[in-house]
Amino acid sequence: MMDTKIDGMPFGELMNQAVKLKTHQAKPDRCKFDKYPKFYQNSMFARDEILAARAMPYTERIAAALEFKREANEFYTQGRLLDASLKYEYALSVFKHLTNNDEGWKKKGILDQDITQHEYTPVNDEEAVAIKDLFVSVYLNIARTYHKQRDTTTAVQACDSALELDSECDKAMFLRAQIRIAPASAGGVEMEMATKDVAAALRVIKSKLSDLDLASNGGDGDGDGGGDGGGSGGDGAVRLELLKRQKEVMRMLKKLRSDKAEQSVKDKEFAGAFHRGELYRPDEEPTKPAGPMVVHGGEGTTGGGGGGGGGGG
């Protein structure tokens, strides 16, 4: 087992890194680091090829990041999820990463005071758009990869990161909803959050379709988000993709609402079971009748009749 390698790294070394990440966890001197998503924490463990990419000018740097992403995509399709997640994280860490200023941190552990955050600053809009598109795409793929590894927390954090960069990313909303309701432990809270995400995704998709209508009609579109998928060039392909996503989102929203209604009925039935009899504490007397109580073979007495000695504790 110890000879096994992940992306060329011995499994034992990966385990050692995992142990180091856990060192000092939950202590006050490492609260900040522990709140970072796993895929950001891992950027501190940089291999030589990543360090080299970080030192490159933008053109070579973005090319290196895209190559990491391409390799990750291949691993993902092959089912090599750990390799895929590592390569996706490499792609991110080319532009955004953590470093530790204490050279002996690998033996002493990770402390917040020793950590520095680094992020590449774009010099123009073209670079900014390219980096944003890369990050959103990679965050979504990280979410899918960790989701397949049953790491719901990290998968949701990756969707959150995508939405921080693009608040109109309906793919991130839809994916986050799917991730939240997937675990067997998911309940009403997760279903409610998922419903909100899917409803928001549907609104965004309809808005995007409306914008396409306006653009294709020179500003005179009816904005109903309909259409038969027509259009010229790239707009037609975008419309078809949006219509496909809209169908998937509407199907999931319908199911979520149906499941919620069914759960509501079950909850009412469950709650009703507690109203079929009276419950009282064992150290209290049962409530006495308010009116006269008839005793067969005797006379009517008032409800104030003696109750005898109270039960002992």
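The values are calculated or read from the model by the stated rules, or taken from the named source; none is laboratory data. No experiment lies behind these values; they were computed from the predicted model shown. Note: ideal-geometry Cβ built from the backbone for every residue, glycine included; neighbour counts use all protein chains shown. All accessible areas refer to the heavy atoms of the entire protein, side chains included, with ligands and DNA or RNA removed. Shrake-Rupley method; radii C 1.70, N 1.55, O 1.52, S 1.80 Å.
Things worth noting here:
- Val204 vs. criteria open to solvent by less than 20 Å² (accessible area, probe 1.4 Å), part of a helix (DSSP H, G or I), more than 23 Å from Tyr36 (Cα to Cα) and out of contact with any Leu (no Cβ under 8 Å at 6 or more places or on another chain): yes
- Filtering segment 154-193 to residues that are surrounded by fewer than 16 Cβ atoms within 10 Å (Cβ to Cβ) and either in a helix (DSSP H, G or I) or at positive phi (or both) leaves Asp160, Glu164, Leu165, Gly188, Val189, Glu192.
- Qualifying residue in segment 137-144 (condition: farther than 28 Å from Ala65 by Cβ, at pLDDT 95 or above and not hydrophobic (A, V, I, L, M, F, W, C)): no
- Boolean, Glu89 is closer than 15 Å to Tyr40 by Cα and acidic (Asp, Glu): yes
- Per the conditions (1) surrounded by 13 or more Cβ atoms within 10 Å (Cβ to Cβ); (2) within 26 Å of Leu51 (Cβ to Cβ); (3) over 14 Å from the mean Cα position of the chain (by Cα), the sole criterion not satisfied by Asp133 is (1).
- Filtered residue count, segment 59-110, keeping only those that are in a helix (DSSP H, G or I), within 21 Å of Tyr36 (Cβ to Cβ), open to solvent by 30 Å² or more (accessible area, probe 1.4 Å) and modelled with pLDDT under 95: 2
- Consider segment 125-141 and keep the residues that are touching a residue at least 12 places away in the same chain (Cβ under 8 Å) and out of contact with any Leu (no Cβ under 8 Å at 6 or more places or on another chain). The one that is nearest to Leu82 (Cα to Cα) is Asn141.
- Filter pass, Asp151 being under 10 Å from the mean Cα position of the chain (by Cα) and either exposed (fewer than 14 other Cβ atoms within 10 Å of the Cβ) or charged (D, E, K, R) (or both): yes
- In segment 234-245, the residues that are touching a residue at least 24 places away in the same chain (Cβ under 8 Å) and within 12 Å of Lys171 (Cβ to Cβ) reach residues that are part of a helix (DSSP H, G or I) and open to solvent by 40 Å² or more (accessible area, probe 1.4 Å) with C-beta atoms within less than 6 angstrom, at least six apart or across chains, in these pairs: Leu242/Lys208.
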